[in-house]
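Quick notes on the structure that follows.
The values are calculated or read from the model by the stated rules, or taken from the named source; none is laboratory data. Computed from a predicted model, the values in this text were never measured in an experiment. For neighbour counting, all protein chains shown are included, and Cβ atoms are generated from backbone atoms with ideal geometry for every residue, glycine included. Ligands, DNA and RNA are stripped out before the accessible areas are found, and what is left, the full protein with its side chains, is counted by its heavy atoms. Shrake-Rupley method; radii C 1.70, N 1.55, O 1.52, S 1.80 Å.
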Amino acid sequence: MKKRLNCLICAAMLSCITACGGKESDVQTEETTTQTAKEDTSQAVENQENLYTPGTYTGEANGYGGKVSVTITVDASSITNVTIDGADETPAIGGAALEELAGQAKNAQGSEIDGVTGATMTSNAVKTALQNALNQAMGKEDSSEKTALTDGVYSVKSTGYSWTGMISADVTVKDGKIEDITITEEHESDTAEIGQTAFDLLIPRLIESQSLAVDSISGATATSNGIKNCVSEAITMAGGDPAQWQTPVEKKTDTVQLEGYDVIVVGLGGSGISAYCAAAEEGAAVFGIEKAAKLGGQSATVTGPMVIQSKSPAFKDIEFANPDDVYQVWLDYVESDEKSDIIREAVYNSGTYLDYYIDNFDFEFDGMIMSFAKPEWSQFWTRYVGENGSTNIFGANKTYQYNRAMEKAKAFNEKNDYMLELSATELIFDGDQAVGVKAVCYDGTTYEIYGDSIILATGGYIGDDSLVKEHFSTTLNTVAATINDGAGIKMGQSAGGATYNMAVDPMIHILQIPNLIKNDDLTPDQKAILSALALVSGEKTISIDGDALDLNAIGTTNICSIPGYRYYVVYTQEQMDSYKENGLTENFATATSMFMGQGGELSIGTPIEDMDTILDVGIQYKNVLKGSIKELAEQIGCEETTLSQALGGEDTTYYAVIAAGYTYGTVGGLDVNVSMNVLKADGSPIENLFAVGTDSMGVENVEGKPYTPWGGQAHSWTFVSGYLGGKAAAKYGTAK
């Protein structure tokens, strides 16, 4: 405000000086000049004091993970308070930046804030949402008053989901509108099959609505928000204000009732598809509900299932593991025979049920992989076959198999159907019995779907931060679909269902730095060096408690047994100086991340002249901690004496590079019997309610140990539980 006032005073004085060159009658004395300046200043202050209508206002914009809301409180002339909510932003970067961004906004008294390094999308979202709130406070809510855009084609780029590269786009502006969005380069499809749905669906919806407030595509939120960020940048380049492009998209309010189904399947990932197919083949009328915009869910990121005793030609000449041996090892691992009938099905019929889906629904697999935990089980799990050999970082592209299977399943009964982008919200009850499912479509339409039996297959609860913190006491890095938010488990509980082993450690196979640098702040080779510093073996490694950690003793299959699912590899300043002068040593040669490399290459023995840059960026992104032992202990949150003992107490500057486990999802869920009926606390079944996949996988496991570490058994459970639950639900539904 002071800067604006000074500018106005200078402008008034300049006006007087110019006037002195006119006629005598126009010449102003020093006294009249001063009086004019006072009047102008008084008017400026009055205008500033009437800048806002006092009150509280909220603006929204899209961050990295979802909506970011900025709420401001203003008096007539200033912002008095700023709060920011971004529950879906990454906790360590975007989430941690929110408080700092709120402080910047209040200090700046406007949306021209610096932002936070490493949280670009979150920072941009805060700027846009803040300006939106300010526009409301200034009475500029009418979206028709958008600043005019300059026609042109604007080349922009943004981070999305992919950790191997950014989204580049050409955004065409014509006649003040977004006319076209052309993706010129993308890496989303390198890292999953899911991102394509955002390109296919979001772009036409964004152009049609002419609003950045259009909903992100469910299951592809990060890619969607990357596209929106590209458009936001183009609007800015065209001279516009992205905050003016947050017009709410009108939603429908009608309710549609669908009746007469024998089976309703909630969730169409791998287990839900398996259950749908099994129920349909049994002759049931089946309706499927899927929150994401594509079929397959988290199963799109897996390699394949465990298989024992298959008779399929795909596995001819295979020497399967002895099922008696596998069964006994499994029971010994969980230290209980309480669910032995279920574990027996998982072992002895893994091949039988997989053959069923191969023979009836054209699933395709090829080759075998040895077990993680038991190398003597040398041919234990298999791989999907990709359409025309197509692959991504996680292996074969397999969505085409899910689509094909569902089309075959639909053909068994003319009533069979399913909907994508439809989010189940609650069960519908008649008395104590669930008789249907209420769900909301992306367009706002509410659906009430009625059926005799219900199968819950919503993928566990990795996307529910409160449940994750309740059971694991920390946040989790994830490659999982965070739309798997525990909806199925909660619905099961609403019907009286009990849970089983909810706190089994999550599925973790992958290690990487916790906050991937997805933009161009580092080159791919620099990113590879930073990752290697985190993933190397043989250097000093400590736990989150400051104790020395022996990674070789833990083993790669037991990452989830490490406290907090992360650890620190610690180097001295002298080591870093040596790498700078002489390059990395041989023990770094294999220090790479399974599935989550960022495209760069390591060079052993080559001086790293830019090591300081790599470390500085690592610190900015909270992947590297720097300081003395005392300072390091404060940053880690451990005892100084414990850390000093683990590091040898040397008086130097240390660098602690963080390695974090990335999870595919949770394991514990609803308690079920061998038919996949959800069980009450007293052990009695809820006859028409079933749970499959990771909504019920706790029955195969035990709390206090990593989930059963054989290899492929989690995905095998999608077929085993899907078969059992689908057949049982169809039998119940068709008998009603």
Exercise for the section: Mind listing whichever residues of the stretch 158-185 are open to solvent by less than 50 Å² (accessible area, probe 1.4 Å) and among the acidic types (Asp, Glu)? Expected result: ASP170
Problem - Scope the stretch 433-447; condition in a strand (DSSP E or B) and either touching a Pro at 6+ places or on another chain (Cβ under 6 Å) or open to solvent by 10 Å² or more (accessible area, probe 1.4 Å) (or both); matching residues - result: GLN433, VAL435, LYS438, VAL440, CYS441, THR446, TYR447
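Is it fair to say TYR461 is touching a residue at least 24 places away in the same chain (Cβ under 8 Å), in a loop (DSSP other than H, G, I, E, B) and aromatic (Phe, Trp, Tyr)? Don't jump to the end; show me each part of the working.
Values: touching a residue at least 24 places away in the same chain (Cβ under 8 Å): yes; in a loop (DSSP other than H, G, I, E, B): yes; aromatic (Phe, Trp, Tyr): yes.
Yes: the conditions hold for TYR461.
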Problem - Which numbered condition ILE167 misses (of (1) closer than 27 Å to GLU112 by Cβ; (2) modelled with pLDDT under 95) - result: (2)
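The rows are residues; the columns are (1) out of contact with any Pro (no Cβ under 6 Å at 6 or more places or on another chain); (2) at pLDDT below 95; (3) farther than 30 Å from GLY459 by Cβ.
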{"site": "PHE588", "(1), (2), (3)": "yes, no, yes"}
{"site": "PHE595", "(1), (2), (3)": "yes, yes, no"}
{"site": "ILE604", "(1), (2), (3)": "yes, no, yes"}
{"site": "ASP610", "(1), (2), (3)": "yes, no, yes"}
{"site": "THR613", "(1), (2), (3)": "yes, no, yes"}
{"site": "GLY668", "(1), (2), (3)": "yes, no, no"}
Practice task
Would you tally the residues in the stretch 279-289 being open to solvent by less than 10 Å² (accessible area, probe 1.4 Å) and of a type in the set (D, E, K, R)?
Solution key: 0
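Here's the yes/no breakdown for (1) in contact with a helix residue (DSSP H, G or I) (Cβ under 6 Å, 6 or more places away or on another chain); (2) of a type in the set (S, T, N, Q); (3) in a strand (DSSP E or B):
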| residue | (1), (2), (3) |
| --- | --- |
| GLY683 | no, no, no |
| LEU689 | no, no, yes |
| VAL699 | yes, no, no |
| VAL702 | yes, no, no |
| PRO706 | yes, no, no |
| TRP710 | no, no, no |
| SER716 | yes, yes, no |
| PHE719 | yes, no, no |
Problem - Members of the stretch 647-691 that are of a type in the set (S, T, N, Q) and in contact with a Phe, Trp or Tyr (Cβ under 9 Å, 6 or more places away or on another chain) - result: THR663, THR666, SER675, ASN677, ASN688
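Suppose we filter the stretch 659-679 for residues that are closer than 26 Å to ALA528 by Cα and among the β-branched types (Val, Ile, Thr); how many remain?
Of the residues in the stretch 659-679, the ones closer than 26 Å to ALA528 by Cα are 659-665.
Checking which are among the β-branched types (Val, Ile, Thr) leaves us with 663.
Within the stretch 659-679, residues that are closer than 26 Å to ALA528 by Cα and among the β-branched types (Val, Ile, Thr) number 1.
Would you mind stating whether LEU212 is in a helix (DSSP H, G or I) and touching a residue at least 12 places away in the same chain (Cβ under 8 Å)? First the steps, then the outcome.
On the way: in a helix (DSSP H, G or I): no; touching a residue at least 12 places away in the same chain (Cβ under 8 Å): yes.
No, not satisfied.
Against the condition among the β-branched types (Val, Ile, Thr), open to solvent by less than 40 Å² (accessible area, probe 1.4 Å) and within 23 Å of GLY269 (Cα to Cα), how does THR191 come out, does it pass? Full working, then the answer.
Values: among the β-branched types (Val, Ile, Thr): yes; open to solvent by less than 40 Å² (accessible area, probe 1.4 Å): yes; within 23 Å of GLY269 (Cα to Cα): yes.
Yes.
Confirm whether PHE363 is open to solvent by less than 20 Å² (accessible area, probe 1.4 Å) and at pLDDT below 95.
Numbers: open to solvent by less than 20 Å² (accessible area, probe 1.4 Å): yes; at pLDDT below 95: no.
Spelling it out, it is not the case that PHE363 is open to solvent by less than 20 Å² (accessible area, probe 1.4 Å) and at pLDDT below 95.
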Exercise for the section: Sort through ASP545, ASP550 and tell me the only one that's more than 21 Å from GLN635 (Cα to Cα), over 25 Å from the mean Cα position of the chain (by Cα) and among the acidic types (Asp, Glu). Expected result: ASP550
Problem - Verdict on GLU581 being outside any loop (DSSP other than H, G, I, E, B), out of contact with any helix residue (DSSP H, G or I) (no Cβ under 8 Å at 6 or more places or on another chain) and either under 26 Å from GLU188 (Cα atoms) or without any contact (Cβ under 8 Å) to a residue 40 or more places away in the chain (or both) - result: yes
Handout entry: Pair list, Cβ under 8 Å, 6 or more apart: the stretch 465-479 residue open to solvent by 30 Å² or more (accessible area, probe 1.4 Å), other residue of a type in the set (Asp, Glu)
Key = THR475/ASP465
Exercise for the section: Please indicate, with yes or no, whether at least one residue in the stretch 386-408 is at pLDDT 95 or above, closer than 30 Å to GLY283 by Cβ and either part of a loop (DSSP other than H, G, I, E, B) or of a type in the set (Val, Ile, Thr) (or both). Expected result: yes
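For the stretch 214-227, which residues satisfy the criterion of being of a type outside the set (Val, Ile, Thr) and open to solvent by 10 Å² or more (accessible area, probe 1.4 Å)?
Kept after step one, since they are of a type outside the set (Val, Ile, Thr), are these residues of the stretch 214-227: 215-216, 218-220, 222, 224-226.
Residues satisfying the conditions are ASP215, SER216, SER218, GLY219, ALA222.
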Practice task
Looking only at the stretch 229-241, decide whether some residue is under 30 Å from ALA137 (Cα atoms), in contact with a strand residue (DSSP E or B) (Cβ under 7 Å, 6 or more places away or on another chain), assigned to a helix (DSSP H, G or I) and open to solvent by 50 Å² or more (accessible area, probe 1.4 Å).
Solution key: yes
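What number of residues in the stretch 202-213 are open to solvent by 10 Å² or more (accessible area, probe 1.4 Å) and under 22 Å from TRP163 (Cα atoms)? Reasoning before the result, please.
So in the stretch 202-213, the residues open to solvent by 10 Å² or more (accessible area, probe 1.4 Å) come out as 203-205, 207-210, 213.
Now drop any that are not under 22 Å from TRP163 (Cα atoms), which leaves 203.
Summing the residues that are open to solvent by 10 Å² or more (accessible area, probe 1.4 Å) and under 22 Å from TRP163 (Cα atoms) in the stretch 202-213 gives 1.
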Practice task
Report, ordered by the first and then the second residue, all pairs with beta carbons closer than 6 Å, sequence separation of six or more or different chains, a first member in the stretch 76-94 that is under 14 Å from LEU130 (Cβ atoms), and a second member that is of a type in the set (Lys, Arg) and modelled with pLDDT under 90.
Solution key: ILE79/LYS106; VAL82/LYS106
Handout entry: Number of the condition not met by GLU387 [criteria: (1) under 14 Å from ALA314 (Cα atoms); (2) open to solvent by 30 Å² or more (accessible area, probe 1.4 Å); (3) not aromatic (Phe, Trp, Tyr)]
Key = (1)
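THR399: in contact (Cβ under 8 Å) with a residue 12 or more places away in the chain and among the β-branched types (Val, Ile, Thr), yes or no?
Numbers: in contact (Cβ under 8 Å) with a residue 12 or more places away in the chain: yes; among the β-branched types (Val, Ile, Thr): yes.
Here the answer is yes, as THR399 does meet what is asked.
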Exercise for the section: For the stretch 300-336, name all the residues that are within 36 Å of the chain's Cα centre (by Cα) and open to solvent by 70 Å² or more (accessible area, probe 1.4 Å). Expected result: ASP332, GLU335
Completion exercise
Flagged pairs (Cβ under 9 angstrom, 6 or more apart or on separate chains; first in the stretch 98-127, more than 23 Å from LYS518 (Cα to Cα) and of a type in the set (Asp, Glu); second open to solvent by 10 Å² or more (accessible area, probe 1.4 Å) and modelled with pLDDT of 80 or more) are GLU112/LYS127
Handout entry: Selection within the stretch 573-592 - open to solvent by 20 Å² or more (accessible area, probe 1.4 Å) and of a type outside the set (D, E, K, R)
Key = GLN573, GLN575, SER578, ASN582, THR585, ASN587, ALA589, THR590, THR592
Handout entry: Residues located in the stretch 490-507, provided they are open to solvent by less than 30 Å² (accessible area, probe 1.4 Å), part of a loop (DSSP other than H, G, I, E, B) and within 15 Å of LEU679 (Cβ to Cβ)
Key = ALA495, ALA498, MET502
